[in-house]
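Worksheet: one structure, shown below.
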Amino acid sequence: MPGFYATIARYYDAEHQDKTDDLELYSELAAEHGEPIFEVACGTGRVLLHLAHAGYEAHGIDIEPAMLDRARHKADALPEDARSRLRFFQGDVLKFDTEQRYPLLILSYNALLHFHEQDDQLALLRRLRRWITDDGLLVIDMVNPGDSFGAQDTDALLLEKTFLDPDSGHLVMQSSVSSLDRTEQLLRVTWIYDEVTADGTVKRTFAPVVYRYIFYYELRLLLLLAGFEVDGVYGGTEFEPYEDGCDRMVVLAKPKPVSS
């Protein structure tokens, strides 16, 4: 059975075509901290291609070949100078290693929520600590779990959005059914894609996925254990205050100096 991102890779870019609010943040941080830049779970290259086009050397890793195939296909359409600044790695980041050191590392748009076990979260952060330069910056962007934990449970089928599949031109209606385990901090979502084909029939695709919610003080402790210290926390990618009701939790962390 294919994994979640293998199932939804063909829809990913059309589904997220309006997700651009964080790109200016990464451009600003790249200008401040320099290159090369490394992104964990880079997917179809939404962030990396933007950075390469803006003039920065950008590297990324993803475990799903179908997502990277789309990233490479999009990269082929870039000018040669931008394309030459990109490097993609396929594999499990927890087994990957590199001698390269990066002044900017990125866990964008809920990437950390795919690491369900605390041991894996800590192992990832410790790996990133080895790869970051002494004056580098780690950026973690994820959903703020507060509203979800306070909301009333429902088994309703929710229509999320509609979009056109660029490969076929077909209309796709994306819906979801979800349940939240507040004890384990696990959100289980079944994404449902109803694709209306040329003859009017509907092709339905089910794509279940699990996210592990992480709260700020939990993350701060994980970062501390991994050798980082929080440099700032914000409620959005435009440095909005992190406060009750904000949609996002954007954490900036710097490596703690190694004691001699």
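Each value in this text was obtained by applying a stated rule to the coordinates, not by laboratory testing. Quick caveat: nothing in here was measured; it's all calculated off a predicted structure. Heads up, the Cβs are rebuilt from the backbone with ideal geometry, glycines too, and the neighbour counts pull from every protein chain shown.
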Given an 8 Å cut-off on Cα distances and at least 6 residues of separation, report the relative contact order of the stretch 83-225 as a percent.
20
Protection proxy ranking, peptides 49-58, 79-88, average beta carbon neighbours within 10 Å, highest first
49-58, 79-88
Assigning unit charges at the beta carbon (Lys, Arg +1; Asp, Glu -1) and nothing else, what dipole magnitude in debye, to the nearest 20, does the chain show about its Cα centre?
700
For a quick size check, give me the Cα extents of the stretch 20-107 along its three principal axes, largest first, whole Å.
30, 28, 24
Give the dimensionless ratio obtained when the Cα radius of gyration of the stretch 147-212 is divided by 2.2 N^0.38 Å.
1.34
Signed unit charges on C-beta, dipole axis of the chain, positive-most listed residue 239, 178, 5:
5
Semi-axes of the stretch 115-247's equivalent ellipsoid from the Cα gyration tensor, sqrt of 5 times each eigenvalue, largest first, rounded to whole Å?
35, 19, 15
By the scheme Lys and Arg +1, Asp and Glu -1, what is the net charge of all other residues having a beta-carbon under 13 Å from that of residue 18?
-2
Answer with one residue from 196, 211, 157: the one whose Cα lies farthest towards the positive end of the charge dipole of the stretch 147-212, charges on Cβ with Lys, Arg +1 and Asp, Glu -1.
211
Enumerate the calculated ³J(HN,Hα) couplings along the stretch 11-20 in order (Karplus 6.51 cos²θ - 1.76 cosθ + 1.60, θ = phi - 60°), each rounded to whole Hz, writing x wherever the residue is Gly or Pro.
9, 4, 5, 5, 5, 10, 5, 9, 8, 10
For the stretch 83-203, what is the charge dipole size about the Cα centre, in debye to the nearest 20, if Lys and Arg each add +1 at the Cβ and Asp and Glu each add -1 at the Cβ?
640
Student exercise, the stretch 147-212 dipole from Lys, Arg, Asp, Glu Cβ charges, in Debye to nearest 20
120
In Å and on Cα atoms, what radius of gyration and Dmax does the chain show?
18.7, 70
Is the C-alpha gyration tensor of the stretch 24-169 telling us rounded, prolate or oblate? Criteria: a/c under 1.5 is rounded; beyond that, a/b larger than b/c is prolate, otherwise oblate.
oblate
Between residue 210 and residue 189, with labels modelled 7 Å along Cα→Cβ, what's the label distance in nm to one decimal, could you check?
1.6
